[in-house]
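Novice: Have a look at this one.
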């Protein structure tokens, strides 16, 4: 029996909420059949952070690796979704364990419920406490995915969680759509698009139940 595939991506499309002050997604036509051209060819302008995307270390570090160096294997494989919608502020490792985190999880996806998939940019969302991020890394974490716009708090200027994860060799996946996903184990298929040495890459993120 074929396992169902859940698309947990948020589109790079006009109307998808961008981070306040960032470049929104806009689309138009370079050539259009309706205007006498032989083909339709569209054009797009967007920040790579608008829809579902993988941040690169370059996002927070000078001369750090760009999205062209993101390791594909970190974004493909066994993952675990846990529900933290009932939590606020900085999440401790004890809270994560109570929510369903299991030791040895390599790819952890946090369902916070504060998602742009609802059509608006959220005022805030729960984030990992720095100590929790370090504990997850020590336990083998390679990827943290979130359904909110960032692994750091909206008002953060230091982006400490980003830096801890990148320094520990982990990767970051943001703006997932987990609204219809139950907690538990899944196969994650979310390779970043092949882009140049920029600070983030769009992602088509999929989950298959195990």
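Novice: Under the rule a/c < 1.5 gives rounded, and otherwise a/b versus b/c splits prolate from oblate, where does segment 9-123 land using the Cα gyration tensor? List each step's numbers first, then the result.
Specialist: Numbers: a/c = 2.39, a/b = 1.90, b/c = 1.26.
Verdict is prolate for segment 9-123.
Novice: Pulled fully out, how much extra length does the chain show between residue 193 and residue 90, if you take 0.36 nm times their separation in residues and subtract their Cα-Cα distance?
Specialist: On the way: separation 103, 0.36 × 103 = 37.08 nm, distance 3.07 nm.
So the chain would gain 34.0 nm between residue 193 and residue 90.
Novice: Okay, moving on. May I ask you to compute the full-extension gain from residue 5 to residue 118, defined as 0.36 nm times their residue separation minus their alpha-carbon distance, rounded to one decimal in nm?
Specialist: On the way: separation 113, 0.36 × 113 = 40.68 nm, distance 2.11 nm.
Taking 0.36 nm per residue and subtracting the Cα distance, the gain is 38.6 nm.
Novice: Of the DSSP beta bridges with both residues in the chain, give the percent that are antiparallel, rounding to the nearest 5.
Specialist: Details: 24 of 37 bridges.
The antiparallel proportion sits near 65 percent.
Novice: Let me ask something else. Among 50, 195, 106, which one moves the most in a GNM of the chain with springs linking Cα atoms closer than 10 Å?
Specialist: 195
Novice: With label points built 7 Å along Cα→Cβ from the Cα atoms of residue 19 and residue 138, find their separation and express it in nm.
Specialist: So the two model labels end up 2.9 nm from each other.
Novice: Of the residues 72, 144, 62, which exhibits the maximal mean-square fluctuation in a Gaussian network model of the chain defined by a 10 Å Cα contact cut-off?
Specialist: Comparing 72, 144, 62 in a Gaussian network model of the chain, the most mobile one is 62.
Novice: Further, regarding this structure: If I stretch the segment between residue 158 and residue 72 completely, what's the gain in nm (0.36 nm per residue apart, minus their alpha carbon distance), one decimal?
Specialist: 28.3 nm
Novice: Report the Rg/Rh value for segment 112-210, based on alpha-carbon coordinates and the Kirkwood definition of Rh. Could the numbers behind the result be given before it?
Specialist: Numbers: Rg = 13.8 Å, Rh = 14.6 Å.
Using Cα coordinates only, the ratio equals 0.94.
Novice: Running a GNM on the chain with Cα contacts under 10 Å, which residue among 194, 133, 117 ends up with the highest mean-square fluctuation?
Specialist: 194
Novice: Principal axes first, then extents: for the Cα atoms of the chain, list largest minus smallest coordinate on each axis, whole Å, largest first.
Specialist: Reported extents, whole Å, longest axis first: 63, 48, 31.
Novice: Also, I was wondering about something else. Given a Förster distance of 35 angstrom, what is the FRET efficiency for residue 167 paired with residue 42, based on the Cβ-Cβ distance and rounded to 0.05? Please report the intermediate quantities before stating the final value.
Specialist: Numbers: r = 39 Å, r/R0 = 1.11.
It comes to 0.35.
Novice: Still on this structure, please answer the following. Compute the relative contact order of the chain as a whole-number percentage, counting only Cα pairs closer than 8 Å that sit 6 or more residues apart in sequence.
Specialist: On the way: 490 pairs, mean separation 62.1, N = 210.
Across the chain, relative contact order equals 30 percent.
Each reported figure results from applying straightforward, stated rules to the coordinates on display, with no laboratory input. This structure is a prediction, so every number in the text was calculated from the model and none was measured. Cβ: placed from backbone, ideal geometry, glycine included. Neighbour counts: every protein chain shown.
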